[in-house]
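The structure appears right after this line, and notes come after that.
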Amino acid sequence: MSFDSLRISSEQEGSTLAAVLRSQMPEHSWAQVRRLIETRHVRINGELCLDPARRLREGQTIEILDRPAPKPRQPESIKIVHLDTHIVVVEKPSGISTVRHPLERDWPATRKAFSPTLDEIIPKLIAQRETSGPVAHTRRESQTRRHRKGPPPRLRVVHRIDKETSGLVVFARTVLAEQGLGKQFRAHSVLRRYLAVIPGTIPPQKIVTRLVRDRGDSRRGSTRLPGLGKEAITNVELVEKLSGYSLVSCRLETGRTHQIRIHLAELGHPICGEKVYNRKPGSPAIEDQSGAPRLALHAAELGFIHPVTGQSLHWSMPLPSDLKTFLDRFRRNS
């Protein structure tokens, strides 16, 4: 390949992915460039892209992979841990987006099938479970679900976690649940605790900053300018000290986009496997020597009040096998 990664300039903004790659790899034909994209070799800002016609924006990073990216997770890898008529809680594996990017929502179904999102897969799993064992509380609701035709009702998104991040996610199934959960998320009363592996170690602390969409290099980050940004609060505790690395717990008080990733990176300890927030504006990337299989971030705990019944609910999810194996290597060295 002529390059491993490329940052899109202002002159390249609006160009298609295929056109930019062709300009950087003139030895490749248009057909070869399109095949490179369609065979899962190209990522935009760390996310796989299969669309040669995708329009690019300034600041985006194009990455060429030596090997094809893994195929999308199969439905059987997604575990439903709670299901009732109003909410569903699932364990999301790494490698699947919670919801589809706005630019991809109008894609035809055949194209979406190449990289299905969590909110597209879960309704089908719910329909299968309710057909074999109804979850509804009344006979009428059970009969309605058994005889419903057409696609399953859509889920209502109340929060999300990054594609590479694994962990617990809740969706609302009714308007009432959506409103009730929305109030709890806005009031910051939902318990959300993440586990992250970072280089070095940091003392327990409460991180309070104001985040903006562009810190000056097209990436999100904190600002000290008055009146700008939204408050972001992360409580960090040391869970385990390893050989040159640490396992830390991050409890969110707010839930801004990429909040934990930004806060840890700004402390000088970007999460292992981080490819976006691994540098300061105008500085080279901090080299990641951890060998992380992916972004080492996991949504381990989720708790809230049921938006309809008022019951206090709580779930925890252990580290998945890829991160457990990753940690065990450090433990042996320790």
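FYI, it's all coordinate maths here, none of it is from the lab. Computed from a predicted model, the values in this text were never measured in an experiment. Glycine gets a Cβ as well: all are built from the backbone with ideal geometry, and neighbour counts include every protein chain shown.
Segment 318-334 and segment 66-127 have Cα centres separated by 26 Å.
How much net charge surrounds residue 277 when only other residues with a Cβ under 9 Å from its Cβ are counted (Lys, Arg +1; Asp, Glu -1)?
Surrounding charge for residue 277 is +3.
The sum of -39500 (n - 2.57) across all DSSP H runs of n ≥ 4, divided by the residue count of the chain, sets its helix-only mean residue ellipticity at 222 nm to -7000 deg cm²/dmol. Structure note, pairs 230/280; 183/275; 163/275; 92/124: Cα-Cα distances above 22 angstrom occur for 183/275.
The simple spin-label model puts a point 7 Å past each Cα toward its Cβ; for residue 257 and residue 129 those points are separated by 3.0 nm. Distance between the 7 Å Cα→Cβ label points at residue 329 and residue 235: 3.3 nm. With the gyration tensor restricted to C-alpha atoms of segment 221-276, the semi-axes of the equivalent ellipsoid amount to 23, 13, 9 Å, longest first. Here nothing in the chain passes the span test, since no DSSP H helix has an alpha carbon length of 20 Å or more along the helix axis and a Kyte-Doolittle mean of 0.5 or above. Annotation note: GluC sites (Glu not before Pro) in segment 226-314 located in DSSP loop regions with a Cβ neighbour count of at most 12 within 10 Å are 287. Counting only the Cα atoms, segment 5-64 fills a convex hull of 64 Å³ per residue.
Take every Cα pair under 8 Å whose residues are at least 6 apart in sequence, average their separation, divide by the length of the chain, and the relative contact order is 14 percent. Among the aspartates and glutamates, select those whose C-alpha is under 16 Å from the C-alpha of residue 112, and discard any that sit fewer than 8 residues away in the same chain. By straight Cα distance, residue 112 reaches 38, 47, 51, 104, 120.
Students often check this: by mean Cβ neighbours within 10 Å, which of 61-70, 174-183 ranks highest, and how do the rest follow?
Details: 61-70: 14.0, 174-183: 16.4.
Packing order, densest peptide first, comes out as 174-183, 61-70.
Averaging the Cα positions of each part gives two centres, and for segment 1-56 and segment 189-234 these lie 31 Å apart. As a proxy for reagent exposure, ranking 329, 213, 224 by other Cβ atoms within 10 Å from fewest up yields 224, 213, 329. The orientation-averaged projected area of the convex hull spanned by the Cα atoms of segment 5-115 comes to 8.5 nm².
Hey, could you get me the Stokes-Einstein D for segment 278-328, Kirkwood radius over alpha-carbon pairs, 10 °C and 1.306 mPa s, rounded to whole µm² s⁻¹? Translational D for this selection: 110 µm²/s.
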